[in-house]
1. Quick one: in the stretch 196-244, which of the residues that are among the acidic types (Asp, Glu) and out of contact with any Lys or Arg (no Cβ under 7 Å at 6 or more places or on another chain) is farthest from residue 107 (Cα to Cα)?
2. Limited to the stretch 361-400, what total is found for residues that are in a loop (DSSP other than H, G, I, E, B), surrounded by 20 or more Cβ atoms within 10 Å (Cβ to Cβ) and touching a helix residue (DSSP H, G or I) at 6+ places or on another chain (Cβ under 8 Å)?
3. Which one of these is among the small types (Gly, Ala, Ser), farther than 30 Å from residue 398 by Cβ and within 19 Å of the chain's Cα centre (by Cα): 298, 263, 249?
4. For residue 149, indicate whether it is over 22 Å from residue 387 (Cβ atoms), buried (at least 24 other Cβ atoms within 10 Å of the Cβ), under 16 Å from the mean Cα position of the chain (by Cα) and assigned by TED's automatic domain parsing to the domain that holds residue 87.
5. For the stretch 162-218, give me each residue that is assigned to a loop (DSSP other than H, G, I, E, B) and crowded, with 23+ Cβ neighbours inside 10 Å.
6. Taking the stretch 56-108 as the region of interest, how many residues are surrounded by fewer than 18 Cβ atoms within 10 Å (Cβ to Cβ), farther than 30 Å from residue 258 by Cα and polar (S, T, N, Q)?
7. Somewhere in the stretch 141-150, is a residue in a helix (DSSP H, G or I), under 23 Å from residue 278 (Cα atoms), of a type in the set (S, T, N, Q) and out of contact with any Ser or Thr (no Cβ under 6 Å at 6 or more places or on another chain)?
8. What are the residues in the stretch 121-165 that are more than 19 Å from residue 199 (Cβ to Cβ) and among the charged types (D, E, K, R), if any?
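The values are calculated or read from the model by the stated rules, or taken from the named source; none is laboratory data. A quick note: this is a predicted structure, and the numbers were derived from the prediction, not measured. Please note: Cβ atoms are built from the backbone with ideal geometry, for glycine as well, and neighbour counts cover all protein chains shown.
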Amino acid sequence: MSARQVARPYIFRAAFHRRRWLVPMSGLLFTLCLLLQPATAQEAFYKATAEQSTGRPGTLIRHEPLANPPSGTLAYRILYRSIGLNGEPIAVSGFVVIPASGGSQADRPIVAWAHPTTGVASNCAPSLRAGPFEAIPGLSDMVQRGYVVTATDYPGLGTSMVHPYLIGESEGRAVLDSVRAAAGLTGAHPSRRFVVWGHSQGGQAAIYAGILARSYAPELKLAGVAAAAPATDLVTLLRDDFATRGGKSITAMALWSWARVFSAPIEGVVVPGAMATVDRLAEECTGSVFGVLEHLVSERPLQQTFLTIPDITVVEPWRSLIERNSAAPLPEDIPAFLAQGTTDQVVRPSVTQAYMSALCRNGTAVKMLVIPEVGHAFIAHRSASQAMDWMADRLTGKPAPSDCRS
């Protein structure tokens, strides 16, 4: 049986709380029961020739209905056109959720969801799962408000190309083109006004979508960016996570991906005896409790030997790649909502606070929500209600509040 024929339930990076993953497991048992449905996604759906991939970014190559959508909605798996890092046409997969009634021509705002890390293998795409809907925090609220919800897989998840992991430009384009793709679905009736909502890697994707929107998709009207524990400062992220149980896998996946995407010399920084472990981690998906546990077991050899250098963030070309994909401030006219848990051990609260400060210095209106005793895995779900209210106000044109000090 191929990896794509196996359903992998999807939650966030619970294991990266060290011992805290035991609590998330018990807290999500009901959700996991819903998610443990067999998936039988067709391999052919995700394949596109160069000719099929060529065309206007954001146009659909194909789509098909997804089974068991949330009540009162229609859902479609989509394959759409986008632009790769070298300007080449590529195909990207994802899915879209549409309210089944209540919309008229071109009047439904869009929420573009950007998911957290699920792995770097093609079979780790959220759209491959039989029930991907529960993994979108606030989805039921979104559709009740009449919003179209898009959810990109990112390039290389679902499709056969290498996933450019934690590469902001790649993620941002995929998010923006997923918004464009919604217009190709019968019954969607999307407006051009949208917001972006992301968590962790998806927080990085949401911010880069905001940075790129004006130049890459000028016909769209971005009303705001909401991000939970966004991966903004990759230098600190990779340094912090390298020292934690489970965190070395983030570095391993990044090195594995960047070596293939940018031809960076991975053999110069990884101990030869550790390469088999790095390759194994790159084949696994982290989007489930069981996938995380598998990842933790596979990562164990890296606790003994991994890198030939003490700090990957100071060595070229890795240093430049890391700095290039650490997020700059959003344009000042795009308001932001940031959510952060105080016990997050993946993205430090100080990192998100520093990004808020950078936004404030840039003139951006920032709403900052800090939730005590919440770690990385649950911050998007715990902040979803407040994020949804904030996004709804942006979509109706209300002035954005700001927690920036004058």
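1. The first filter runs over the stretch 196-244 and keeps only residues among the acidic types (Asp, Glu), leaving 219, 233, 240-241.
Checking which are out of contact with any Lys or Arg (no Cβ under 7 Å at 6 or more places or on another chain) leaves us with 233, 241.
Numbers: 233: 37, 241: 43 Å.
Only one residue tops the list, namely 241.
2. Here the count works out to 5.
3. Working: 298 fails: within 19 Å of the chain's Cα centre (by Cα); 263 fails: within 19 Å of the chain's Cα centre (by Cα).
One residue alone meets the criteria, 249.
4. Numbers: over 22 Å from residue 387 (Cβ atoms): no; buried (at least 24 other Cβ atoms within 10 Å of the Cβ): yes; under 16 Å from the mean Cα position of the chain (by Cα): yes; assigned by TED's automatic domain parsing to the domain that holds residue 87: yes.
When the stated conditions are applied, residue 149 does not pass them.
5. Going through the stretch 162-218, the residues assigned to a loop (DSSP other than H, G, I, E, B) turn out to be 162-167, 185-189, 200, 217-218.
Residues satisfying the conditions are 163, 164, 165, 166, 167, 200.
6. Residues flagged as surrounded by fewer than 18 Cβ atoms within 10 Å (Cβ to Cβ), farther than 30 Å from residue 258 by Cα and polar (S, T, N, Q) within the stretch 56-108 amount to 5.
7. Restricting attention to the stretch 141-150, the residues satisfying the condition of being in a helix (DSSP H, G or I) are 141-144.
Going one step further and asking which of them are under 23 Å from residue 278 (Cα atoms), we end up with none.
No, the conditions are met nowhere in the stretch 141-150.
8. The one that is more than 19 Å from residue 199 (Cβ to Cβ) and among the charged types (D, E, K, R): 145.
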